[in-house]
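Contents: one structure, followed by commentary.
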Amino acid sequence: MLEISLKIVLVMISIALIMNTYSLVRGPSLPERILSLDTLYINSIGLILIYGIVQASSINFEAALLIAMLGFVSTAALCKYLLRGDIIE
Amino acid sequence: MNHLITLPIILPLLLATLQLLPVFEKSIERQRVISLVGSLTLVIVSVALLMSASAGNVTLYALGNWDAPFGIQLVGDRLSSLMVLLTSLLLLSANLYASAGDDNQGRYFYPLMMFQAMGINGAFLTGDIFNLFVFFEILLIASYSLLIHGGGKHKTSAAVHYVFLNLVGSAIFLFALGIIYGTLGTLNMADMALRVRELNESEIQLTKIGGMMLLSVFALKAALLPLQFWLPRTYASAPGPVVALFAIMTKVGIYSIIRVQNLIFGDSAGALTDLGQDWIWVLALGTLVMATLGVISAPSVKRLAAHLVILSVGTLLVAVGFGSANSLSAALYYAVHSTLAGAAFFLIGDIIAEQRERSFDRIVAGRSLAQPMSIGILFFIAALTLIGMPPLSGFIGKFLIMKSIDSSSALVWAWPLLLIGSLAALVAFSRAGSTLFWRSNGKPDSSKASATRKFIAVGILLSAAPLMSLFAGPITQYTDATVEQLQAFEHDPTQIMAKGVQQ
Amino acid sequence: MLNLFWIPLLTLIGVFVSLSANRVSRTACAYATAALPAAALAIVISYAPSVLDGEHFVEQFEWIPAVGLELAFRLDGFALLFALLILGIGLLVILYARYYLSEQDNMPRFYAMLILFMTAMLGIVLSENLIQLWLFWELTSISSFLLISFWNHKSEARKGARMALTITGMGGLALFAGILLIGQVVGSFNLTDVLAQGDLIRGSELYPYILVLVLLGAFTKSAQFPFHFWLPHAMAAPTPVSAYLHSATMVKAGIFLMARLYPALAGTDMWFLIVTLTGLATLLVGAYMALFKHDLKGLLAYSTISHLGLITLLLGLNSKLAAVAATFHIINHATFKASLFMAAGIIDHETGSRDMRKLNGLWRYMPHTAMLAMVAALAMAGVPLLNGFLSKEMFFAETLQQGSLGALSWILPVLATVAGIFSVAYSLRFIHDVFFNGEPINLPKTPHEPPRYMKIPVEILVALCFVVGIAPGLVVAEILHSAATSLLQGETPYYSLAIWHGFNFPLLMSFIALLGGIVVYATRKQLFEFQAQFPERDAKAIFDQNIKRIVDAATRIYGTLENGSLQRYTMLFILSVALFTTVPMTKLINLEGARPLLPVDGISIVATIILVVSTLVTLIWHRKRMIALIAVSVVGLIVSLIFARFSAPDLALTQLSVEVVTVILLMLALFFLPQVTAKAASPSSVVRDLGLATLIGGVMATISYAMMTHPQTSIADFFIANSKTGGGGTNVVNVILVDFRGFDTFGEITVLGIAGLGIYKLIARMKLFMPSADLNGIPWSNDHHPMMLATVSRALLPLALLVSAYIFLRGHNLPGGGFIAGLVTAVALILQYIANGVDFMRERSKLNYQWLISVGLIIAGATGMGSWLFGYPFLSSWFDYFYLPGIGKFELASAMLFDLGVYLTVIGSTLLILGNLGALTTHARPEESK
């Protein structure tokens, strides 16, 4: 049961990743692209966790943790750039 | 346990980092004192290393107490000790020269010079090819920052070329290391020499690819045709004391070529023996042609100096490319000579530029120099030795190299080019000298005189020209023994694989 | 012992004596200068009796034994003759120069250079080793350069000096190559060996090259046609220099060399043809040109060229008698020409002019000088009872003996007589024009006799001309014999030095020459008119033009190659890499190795697609910087996912944290870049770049594929096996980083630290333009620090620090370590900068990032050095396990301390860069910060 649902989730995450990429390429505005990137980060977290469950290994969970934290910083910096141009002032 | 061999690396690092701390940070005077004392100590350390090496000892040092090939090792043999001493001498003179005021033109001058020396010394001493890459990075990143010392548009834009090309070079270096590690499975150069002897056919070809890639990176550092075009502008716009230390940078590339060619791709390497040697020979001849053109057309003293550096690279690599024991020994002599003389000439160019106001170091009639006599004498000595005129070291070097290239098929190419290079230098120097010193207007303005320590710095470097000629006998004995040692290492690489201290 | 060494050594010391004699009177300076050469002369004379008895002396001293280079001196008859000439005439010139130089001239400098030249010249003639001979040979070129340019404020002196240096320098290099070739054939550079191996050299296939190269050296030095043109321009030198260098000594160096190597090189048809014809051409050209020079010194210069040609011609004849005649003429020419130059110098000195169109009738003003000059000039013309007559007779006789040209052999004596005619004519002109022929015209000074002592050198030399001319057997027979013997390295043939040989052909030729000379001089008006039809060719201008042409051509060629284009240099580099690697790649038959490929799964395909798409987006939209930046972030993310997928969690973590720092760095930099995008590349360069990228990309991809499919064995197995037992950690990657290869890490954090310092150095003084609106012209928002962001960020800081502490501590055993932890901390702090601003942080954080770098590096270094205390090499690690109640069993390792150094350096460097790059704008915006 778990195996099947894991497979379904992996397929869905893959589709989500593809769609994120599509949205990122298509744009057309910068906020949309930034949003796509942020979503890509979140989906990657999901991907790593699910994959960890499939492999029964927690070795990569810290990577997910870092994506969660650093992805936020990255998005925040991008937004600040849109807002002010100068991100550290 | 003797840790002397680590000092040429650790000591500059400590000197550099200490100067970032509050005690030294705010006082340029304190920085000068510690840097000069430190450089002098380094010279003493290097001399001690050289003495030990010239007695025939090979110092092996297993860093982290891991036996080779698993850990990184330092190798203090005749070749590396000689190069380290050369670096220390340059560092001392450059720092002395800079202490007259150039050091105050921007931040971190001494720390960066120390880091640079650390990188260069490390590159000479390491026995591990990845560690060589690391030290290349250290010396490069320090050189990037030193190039822009003193600021200005020219320096920055010339530095951009240098930085970009070297970043591409580092990327290729990594590729090459990846390939070589893939086929040989080891990074210790002596161990690599052992492993190349046991490769199968497709591994040999892959190693060739990696080896040739490595050669192209070293050729970029050495400024071999067609990878030398970046050098004149970069060197000519760099600050004087910095570029004096840079005189050794091309030699780092040449050193790496010599090391790799004579250890890993030496006579026992089977199909990989003398990998790329033909290329080196042909391209070195081409380098001589290009440098000759450059020397003749040089519009300023520093440009002339830069093209002379390339000329010396061509000369050296002709000897390396010819590949006999004699020619290699001659190349080592010439390397020492050309580094010191080149550095001295850059500093002379810097003094000239400083004293001539608007015309700087351009070879045009202009305001009279403040100290025409002393500068003239230094210029004259530097010119003689760089042209290869007797009785100074340049003559001995050129004689040794030409004599060592003794097969008629090779000398037909090498001799004329070497001699024409000398003639071009002669023409360029007599033109530059008579313009700068004799076609000047106005009386010398002694208020513009340069600091005495600048002349002392140049004097230290230039004193090598007569001394190396006078003691050419012992020095050639040393270089001959160095080549013998390299051959012995190639014959049995296990003798330079360090063992740690037993627990 | 080593007495010969004292000869050049004494004169060398004399250089410094002269230099230091700058405080004393001019006369004292001259005496001080003369002292050591006189001592050297004494040594030479002390050897003379034994040398004249046929002995020769060789002394040597090892210099570079490995290549057969030793300091070796040789004194035989020929060397003795030259040494006497050099020192004897040298001393006379020193005396003469004392009165010639004016108060303004720097006399010590002049003497020093003159003595330096004397040393070099002595070195040449006394050298036993050919390389050493070359050393002194070049030294004469250098010192002659300095002497010609002694009056360096004069343009003609500078140019004349440069021309002489360039021509003789060129010849010198050819000679060097020739000597090296001789060394290769003979196996030694020692004259004794070389002279003994004449047949070996002449038989060698290298002989033609050796001969041409050596002769190039000799001909340029001795001003032989067509290299003669530098000599007249060297006359810009002070006259003592001309008298010494350009008549008696330096120009004889080429002759000396030919004579010295005569036993080794002469005797072939090639030698005969080249040397004889060159000598003949020089003889004629010199004699003819001399007649038309209005400048006294110019006349003497061409006359010198002509006489040098005569000697060369004699040496070329391959006859022993001719060689004797050549030796004899060397002596004679040196004496009469040196005295003539000195006389010309006196005239110049006392009248202020050297122009023969102005100098007339000086007999009345300076009869003594005129007498001396006339005798010397008659010797030059070859008038009987003077020394010039004797050697000229021998010369004529030798041209008659020559049969090598077969049916054309008559041409040689005829041309020799023609040269003799001109020689008489120009000598007559020298005498008649200067001393008679009416009254002086517009001279700057009223002529009068020079100081007494100035005439003494001339008197001595003229007396020699007389004595030799009248009683040759008494005066020169012995030295001539010994010189000729050592020149020929064997017995000399019979010759007679008598003045009267009866009525014969040579006498007839002399008679024709005398008579013809008088006729030519009488008809000089017509000849001058004839000569005037030819355009004046100024060798200096031509030489200058040629040099300029070479420089221009070099500049043009070089300029098109080094055009300052970074694109081109990069292209050359990439092409070189591609070229170097493609050759072995074509030899690689099995691209795919034995290693089995892994199965493909869906997720990998998706990741690859995203990677490719986002890379393409970056490339296509690289001018729209923000889009490219976002796309690059995706590339980074996918790469870290790939690392995670292929079991490299450490790499994944590192890649992720580096990625964020990079993106922030890029944004900080992007802000300052010009808003307008750069001009699009031309289509051709797009095609070029695309081709280049495809090429190198293809090469790299092929190699990567080959590498990954080939099985490998490596030292990695050792690391895996020893990580826990030897390094005390289960995370092999971390143990490699901080232990096995800790030295690399040590180096890399140094790189990071330097990068921080370097970037701060670059930006510290920078003033940059700040755009006030974004790309689309929309002004920036006024909300500097949005409250939501500020609040969330502050909450994030402790969390992030906790995470980094966790990652740091577990690093040795599980993915993590100081580097990643440092980056996480740095990013968390940067977030505070972004969210709250520089001022906010400055109030709260007293961290000095530069010190942080320093402390980090010192901790890492000190950890390494700590092992010295225990007798282990740098960076040897130590670890042990401990137990504390409440915490449990834990491990302490020196590697952790090292990792702490890494951690601090990373934080310091990252923040030094980002914090300061951000702060650039803070100060530059005063109107807003209010």
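The values are calculated or read from the model by the stated rules, or taken from the named source; none is laboratory data. In this text, all values refer to a predicted model and were calculated from it rather than measured experimentally. Cβ sites come from the backbone with ideal geometry, for glycine too, and all protein chains shown count toward neighbours.
Among the conditions (1) more than 18 Å from B:PHE346 (Cα to Cα); (2) at pLDDT 95 or above; (3) in contact with a Ser or Thr (Cβ under 9 Å, 6 or more places away or on another chain), B:GLY122 misses just one, which is (3).
Could you list, in sequence order, all residues of the stretch C:351-374 that are over 17 Å from C:ALA243 (Cα atoms) and assigned to a helix (DSSP H, G or I)? Before you say what the answer is, go through the steps one by one.
Our first condition is that a residue be over 17 Å from C:ALA243 (Cα atoms); within the stretch C:351-374, this holds for C:351-353, C:355-368, C:370-371.
Of everything in the stretch C:351-374, those that are over 17 Å from C:ALA243 (Cα atoms) and assigned to a helix (DSSP H, G or I) turn out to be C:THR351, C:LEU362, C:TRP363, C:ARG364, C:PRO367, C:HIS368, C:ALA370, C:MET371.
When restricted to residues that are in contact with a helix residue (DSSP H, G or I) (Cβ under 9 Å, 6 or more places away or on another chain) and either under 28 Å from C:THR709 (Cα atoms) or of a type in the set (S, T, N, Q) (or both), the stretch C:537-564 contains 1.
When restricted to residues that are among the β-branched types (Val, Ile, Thr), more than 10 Å from every other protein chain (Cβ to nearest Cβ) and within 19 Å of C:ALA919 (Cα to Cα), the stretch C:759-811 contains 1. Restricting attention to the stretch A:33-70, the residues that are of a type outside the set (Ser, Thr, Tyr) and more than 8 Å from chain C (Cβ to nearest Cβ) add up to 16.
If you check B:THR479, B:THR494, which single one turns out to be among the β-branched types (Val, Ile, Thr), assigned to a helix (DSSP H, G or I) and within 12 Å of chain C (Cβ to nearest Cβ)? Lay out the reasoning, then the answer.
On the way: B:THR494 fails: within 12 Å of chain C (Cβ to nearest Cβ).
Result of the check over B:THR479, B:THR494: B:THR479.
Out of the stretch B:406-432, which residues are within 23 Å of B:ARG362 (Cα to Cα) and either under 26 Å from the mean Cα position of the chain (by Cα) or of a type outside the set (Gly, Ala, Ser) (or both)? Can you show your working first?
Within the stretch B:406-432, the subset within 23 Å of B:ARG362 (Cα to Cα) is B:421-432.
Of everything in the stretch B:406-432, those that are within 23 Å of B:ARG362 (Cα to Cα) and either under 26 Å from the mean Cα position of the chain (by Cα) or of a type outside the set (Gly, Ala, Ser) (or both) turn out to be B:GLY421, B:SER422, B:LEU423, B:ALA424, B:ALA425, B:LEU426, B:VAL427, B:ALA428, B:PHE429, B:ARG431, B:ALA432.
Is there a residue being buried (at least 16 other Cβ atoms within 10 Å of the Cβ), among the β-branched types (Val, Ile, Thr), out of contact with any strand residue (DSSP E or B) (no Cβ under 9 Å at 6 or more places or on another chain) and modelled with pLDDT of 85 or more anywhere in the stretch C:438-456? Even if it seems obvious, please write down each step before you answer.
Step one: of the stretch C:438-456, the residues buried (at least 16 other Cβ atoms within 10 Å of the Cβ) are C:440, C:443, C:447, C:450, C:454-455.
Those left that are additionally among the β-branched types (Val, Ile, Thr): none.
No, that holds for no residue.
Given the structure, is B:ALA171 of a type in the set (Gly, Ala, Ser), surrounded by 19 or more Cβ atoms within 10 Å (Cβ to Cβ) and either part of a helix (DSSP H, G or I) or within 7 Å of another protein chain (Cβ to nearest Cβ) (or both)? Against the criterion (of a type in the set (Gly, Ala, Ser), surrounded by 19 or more Cβ atoms within 10 Å (Cβ to Cβ) and either part of a helix (DSSP H, G or I) or within 7 Å of another protein chain (Cβ to nearest Cβ) (or both)), B:ALA171 does not qualify.
Of everything in the stretch C:237-268, what is surrounded by fewer than 24 Cβ atoms within 10 Å (Cβ to Cβ) and part of a helix (DSSP H, G or I)? Give them in sequence order. Correct list: C:TYR262, C:PRO263.
Is it the case that B:SER338 is among the hydroxyl-bearing types (Ser, Thr, Tyr) and within 30 Å of C:GLY123 (Cα to Cα)?
Numbers: among the hydroxyl-bearing types (Ser, Thr, Tyr): yes; within 30 Å of C:GLY123 (Cα to Cα): yes.
Criteria met by B:SER338.
State whether one or more residues within the stretch C:701-720 are of a type in the set (D, E, K, R) and loosely packed, with under 14 Cβ neighbours inside 10 Å. I'd like the intermediate steps shown before the answer.
Here is the first cut: in the stretch C:701-720, the residues of a type in the set (D, E, K, R) are C:717.
Add one more test, that the residue is loosely packed, with under 14 Cβ neighbours inside 10 Å, and what stays is C:717.
Yes, the stretch C:701-720 has at least one match.
Looking across the stretch C:731-748, the residues that are within 7 Å of chain B (Cβ to nearest Cβ), surrounded by 24 or more Cβ atoms within 10 Å (Cβ to Cβ) and either assigned to a helix (DSSP H, G or I) or in contact (Cβ under 8 Å) with a residue 60 or more places away in the chain (or both) come down to C:ASP739, C:PHE740, C:GLY742, C:PHE743, C:GLY747. C:ASN318 meets all of the listed conditions (1) within 23 Å of C:PRO226 (Cα to Cα); (2) assigned to a helix (DSSP H, G or I) but one, namely (2). When A:GLY85 is tested against (1) more than 7 Å from chain C (Cβ to nearest Cβ); (2) touching a strand residue (DSSP E or B) at 6+ places or on another chain (Cβ under 9 Å), exactly one condition is not met: (1). Every test in (1) in a loop (DSSP other than H, G, I, E, B); (2) among the acidic types (Asp, Glu); (3) touching a helix residue (DSSP H, G or I) at 6+ places or on another chain (Cβ under 9 Å) is passed by C:GLU59 save one, and that test is (1). Confirm whether B:PHE429 is within 11 Å of chain C (Cβ to nearest Cβ), outside any loop (DSSP other than H, G, I, E, B) and in contact (Cβ under 8 Å) with a residue 40 or more places away in the chain. It is true that B:PHE429 is within 11 Å of chain C (Cβ to nearest Cβ), outside any loop (DSSP other than H, G, I, E, B) and in contact (Cβ under 8 Å) with a residue 40 or more places away in the chain. Within the option set B:VAL163, B:VAL134, being at the interface with chain C (Cβ under 7 Å from one of its Cβ atoms), among the aliphatic types (A, V, I, L, M), in contact (Cβ under 8 Å) with a residue 12 or more places away in the chain and outside any loop (DSSP other than H, G, I, E, B) holds for one residue only, B:VAL134. Restricting attention to the stretch B:228-246, the residues being hydrophobic (A, V, I, L, M, F, W, C), within 11 Å of chain C (Cβ to nearest Cβ) and either in contact (Cβ under 8 Å) with a residue 60 or more places away in the chain or surrounded by fewer than 24 Cβ atoms within 10 Å (Cβ to Cβ) (or both) number 2.
Residue count for the stretch B:183-218, restricted to those that are under 16 Å from B:ILE257 (Cβ atoms) and within 9 Å of chain C (Cβ to nearest Cβ): 8.
Screening B:PHE489 against (1) buried (at least 23 other Cβ atoms within 10 Å of the Cβ); (2) touching a strand residue (DSSP E or B) at 6+ places or on another chain (Cβ under 8 Å); (3) hydrophobic (A, V, I, L, M, F, W, C) leaves a single unmet condition, (2). The residue that is modelled with the lowest pLDDT, among those in the stretch C:573-591 that are under 20 Å from B:GLY169 (Cβ atoms) and more than 7 Å from chain B (Cβ to nearest Cβ), is C:THR582.
Could you tell me whether C:SER482 is of a type in the set (S, T, N, Q) and farther than 30 Å from B:ALA428 by Cβ? Don't jump to the end; show me each part of the working.
Values: of a type in the set (S, T, N, Q): yes; farther than 30 Å from B:ALA428 by Cβ: yes.
So C:SER482 passes the test.
Has the stretch B:466-485 got at least one residue that is of a type outside the set (A, V, I, L, M), modelled with pLDDT of 90 or more and closer than 19 Å to B:PHE346 by Cβ?
no
So B:THR207 fits all but one of (1) more than 24 Å from B:GLY122 (Cβ to Cβ); (2) surrounded by fewer than 22 Cβ atoms within 10 Å (Cβ to Cβ); (3) of a type outside the set (Asp, Glu); what number is the exception? (2) is the only condition that B:THR207 fails. Filtered by the rule that a residue be more than 10 Å from every other protein chain (Cβ to nearest Cβ) and of a type in the set (Gly, Ala, Ser), the stretch C:867-907 gives C:GLY886, C:GLY888, C:ALA893, C:SER894, C:GLY901. For the stretch C:203-233, the candidate set comprises residues that are in a loop (DSSP other than H, G, I, E, B) and surrounded by 24 or more Cβ atoms within 10 Å (Cβ to Cβ); within that set, the residue that is modelled with the lowest pLDDT is C:HIS228. Looking across the stretch C:767-823, just one residue is of a type in the set (S, T, N, Q), in a helix (DSSP H, G or I) and touching a Ser or Thr at 6+ places or on another chain (Cβ under 7 Å), and that is C:SER804.
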